[in-house]
Protein chains: 2
Amino acid sequence: MVRSARQPTIVDVARDAGVAISTVSRYLNGVPTRRANRERIEIAIEQLGFRRNAMAAAMKSDRSHMIGIMAPVLDEFHSAVLERLATRLRQTGRVLVTYCHGGDTKVMHEIVDFISTQRLDGLFIAGEAPLRDRTDDLIRRGTPVIFYNNELRGLWADRVLVDNRNASRRAVNHLLDLDHTRIAIIHGSLDASSAVDRLAGYRDALEAAGVPVTSDYERDGRWLPDGGYHAMEQLMSQSRPPTALFVTNYRMTIGALAWIKERGLSVPDDLSLICFDDIEAFPLMRPAITVLSQPVEAITNSLAEMLFSRLGDPSLPPRAMTLECSLILRDSTQKLSPDAER
Amino acid sequence: MVRSARQPTIVDVARDAGVAISTVSRYLNGVPTRRANRERIEIAIEQLGFRRNAMAAAMKSDRSHMIGIMAPVLDEFHSAVLERLATRLRQTGRVLVTYCHGGDTKVMHEIVDFISTQRLDGLFIAGEAPLRDRTDDLIRRGTPVIFYNNELRGLWADRVLVDNRNASRRAVNHLLDLDHTRIAIIHGSLDASSAVDRLAGYRDALEAAGVPVTSDYERDGRWLPDGGYHAMEQLMSQSRPPTALFVTNYRMTIGALAWIKERGLSVPDDLSLICFDDIEAFPLMRPAITVLSQPVEAITNSLAEMLFSRLGDPSLPPRAMTLECSLILRDSTQKLSPDAER
DNA sequence: TTGTAGGCGTTATCAT
DNA sequence: ATGATAACGCCTACAA
């Protein structure tokens, strides 16, 4: 099973079919062709087992039909986006190339360098602060870049985001409605706009309700399970621990739940919990977790549409699309019991 | 921000640096170059913002440095594999292209056709029965294909698998050790070797223990949450429902748990549960779910190594690598209570 | 070590 | 609608 000597080319097809190379090329690209020729070409292709070489076509036409996506990790959110994008793009004859940087700045830079070598037709990026400069370079070179999840403020580029601030406000308002006032937040790394916005929404809600905002109730969980776990430890060891908790992604929630389980705390009796992102397992937990769910489907569709329209007209001014999250009430939040120390 | 007129090429660099094109090419490929030339080339590259065009290089050298991966969906398992592979491949200057078929035969075929156009250097495939013929064609064309997750029996190709049969045997033995005899299985679609093997391991264990194997306790959940849910419904509505349950992937487990939650059944009091695949949330459920965990890291490493060695020597005979799963005991299984109807 | 020239498989531009 | 032919950007003999 040795690599076959050479794959048949369009030249072989032309010769076999007794037509010109350009006729074959046109046939392959769907340009109308005289019927007799078309049939002979089809036979030749079939016999030779010819498959057009996408790379040669790409080189000539300066369109690789490859789209990249760059994410820190493939967690449930990013892989859901990835799966849908891959499917959608394939339907348009494009291919999705995946890059993961694991949050490492050096790797991010390497990847951008790598990418500019690749001549992708477009790129989706989950925005990360260290990406600002390099990305700018990519864009200037002419690669359409579309950001999602986080925006790089001030960067003149397309983006699809959720209204993190408003969603967080709603989550915290829900807790306030249940009479909680000692509400803590475990937020992500503040170099991400989504972390900043979610924190801002949390503060908005407290301020609007006249509840004092204090750093005692704000902890950075760096988006990671481990960070969520440690944040819990610190939050709950205070003299006046929170009675309610807002965790701004699902991975930190995993960590927080691990801590809760370890200490035998009861949710929602001891602590009301609400978190950002919904995953399949959350409705099945005891208690089922109340969440802010991101509209993954809509995000993906918007990303795809935005890409297509930019591919169609590169001179379009950058557009921002903002989508709303939905608050899904389940069993992890409850009214503050009246006898709780206020 | 219009697409720049033209990207600088190796020719521009050569002109600017005052050296020959081939000198630049050699420099780019790490061939020793006279120092003075090297410096001038570096300056020219810097000034022009030159980036070598990977596609032109690929076409010339007949190596695209692109590796594909084809999976039905990006669930926790496949996306974990994907993430690690993408990282590992990037370290060797390669790129990972993702294809998802959602289990649709027609789409699978389209993708294989699509792929043979792409001139990938290699391809990882989560084996699926309908892929047999088309894949064979790809392999014969010279694309190294490495299967994982499911094997296509009789296909002469590399593969990395886990010992599904043995793992399942251990899971069921664990239940038998706890005195269960009415042990049910929810298995995946039997056109997948992993489903067949897991079912076989289940039967092995029962037979070895002298427990009768009955189709009353075997249900097909088609790998899906929904399938798990309905399988539960059927299994538990029997006159002698099982006292223990083995679910052969995590998605069907999700469905089974949904049914359990809905009916207010208690695990492990009413039903012991063990399942294939571990996910972040399982240790946090109440009860924490006992699982067979797949060695994702080892699987990925093996896939990568197998690819590299095949790239190095295409004439190598196909190899199969089989890895063991680990049984992680948590709280979802317990000894059958003596008063339970036997 | 360096330069020259031909070719990889396609598309695009011309006439025809 | 078709055919001949010049690119596309890079690599690689081969000769210097």
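In table form, for the structure just shown:
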{"quantity": "Förster radius 51 Å - calculated FRET efficiency between residue B:265 and residue B:298 (Cβ-Cβ, nearest 0.05)", "calculated": "0.90"}
{"quantity": "Hypothetical label at residue A:327: residues of the range A:254-281 whose amide nitrogen lies under 14 Å (7 Å Cα-Cβ projection)", "calculated": "A:273-276"}
{"quantity": "Sorted by Cβ neighbour density within 10 Å, fewest at the top, the residues A:226, B:121", "calculated": "A:226, B:121"}
{"quantity": "Per-copy distances of the residue A:6 label point, shortest first, in nm (7 angstrom along Cα→Cβ)", "calculated": "2.9"}
{"quantity": "Within 10 Å of each Cβ in B:92-105, the average number of Cβ atoms from other chains", "calculated": "4"}
{"quantity": "In degrees, nearest ten, helix A:250-263 long axis to first principal axis of chain A (Cα)", "calculated": "40"}
{"quantity": "Cα-based equivalent ellipsoid, chain A: semi-axes from gyration tensor eigenvalues, Å", "calculated": "52, 20, 17"}
{"quantity": "Using alpha-carbon coordinates, inclination of helix A:132-141 to the longest axis of chain A, degrees", "calculated": "20"}
{"quantity": "Relative contact order (percent, whole number), the range B:164-294, Cα cutoff 8 Å, 6+ residue spacing", "calculated": "24"}
{"quantity": "Helix-only CD estimate at 222 nm, as mean residue ellipticity for chain B, using -39500 (n - 2.57) per DSSP H run (n ≥ 4)", "calculated": "-14000 deg cm²/dmol"}
{"quantity": "Translational diffusion of the range A:103-183, µm² s⁻¹ [Kirkwood Rh, Cα pairs; Stokes-Einstein; 20 °C; 1.002 mPa s]", "calculated": "146"}
{"quantity": "Paramagnetic reach from residue A:56 (point 7 Å along Cα→Cβ, amide N under 16 Å) across the range B:90-123", "calculated": "B:116-120"}
{"quantity": "Neighbouring partner chain Cβ atoms per residue of A:71-83, average, 10 Å criterion", "calculated": "5"}
{"quantity": "Label spacing, shortest first and in nm, from residue A:317 to its equivalents in the remaining copies (7 angstrom along Cα→Cβ)", "calculated": "6.8"}
{"quantity": "Size of charge dipole - the protein assembly as shown - debye, nearest 20, with Cβ of Lys, Arg +1 and Asp, Glu -1, no other charges", "calculated": "3160"}
{"quantity": "The range A:164-294 shape via C-alpha gyration tensor axes, a/c threshold 1.5", "calculated": "rounded"}
{"quantity": "Exercise: per-residue mean of other protein chain Cβ atoms within 10 Å, A:307-316", "calculated": "1"}
{"quantity": "Alpha-carbon Rg with Dmax, taken over the protein assembly as shown, Å", "calculated": "28.1, 92"}
{"quantity": "Charge dipole (chain A, unit charges on Cβ, about Cα centre) - positive-most of A:122, A:95, A:18", "calculated": "A:18"}
{"quantity": "Taking B:236, B:70 and counting other C-beta atoms within 10 Å, the order from fewest to most", "calculated": "B:236, B:70"}
{"quantity": "Using alpha-carbon coordinates, inclination of helix B:164-177 to the longest axis of chain B, degrees", "calculated": "30"}
{"quantity": "Which of B:322, A:135 has the fewest Cβ neighbours within 10 Å, and the rest in rising order", "calculated": "B:322, A:135"}
{"quantity": "Normalised contact order of chain A, rounded percent, pairs of Cα under 8 Å and 6 or more residues apart", "calculated": "15"}
{"quantity": "Distance (nanometres) between label positions extended 7 Å along Cα→Cβ at residue A:179 and residue A:113", "calculated": "6.1"}
{"quantity": "Among A:102-114, B:239-251, the order from most to least packed when residues are scored by Cβ within 10 Å on average", "calculated": "B:239-251, A:102-114"}
{"quantity": "Residue A:34-residue A:63 FRET efficiency (beta carbon distance; Förster radius 30 Å; 0.05 resolution)", "calculated": "0.65"}
{"quantity": "Inter-probe distance in nm under a simple model that places probes 7 Å from Cα toward Cβ, at residue A:208 and residue B:226", "calculated": "3.8"}
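Since every read-out is calculated from the coordinates, none of them should be taken as a lab result. Because the structure is a prediction, the values reported are computed rather than measured. Please note: Cβ atoms are built from the backbone with ideal geometry, for glycine as well, and neighbour counts cover all protein chains shown.
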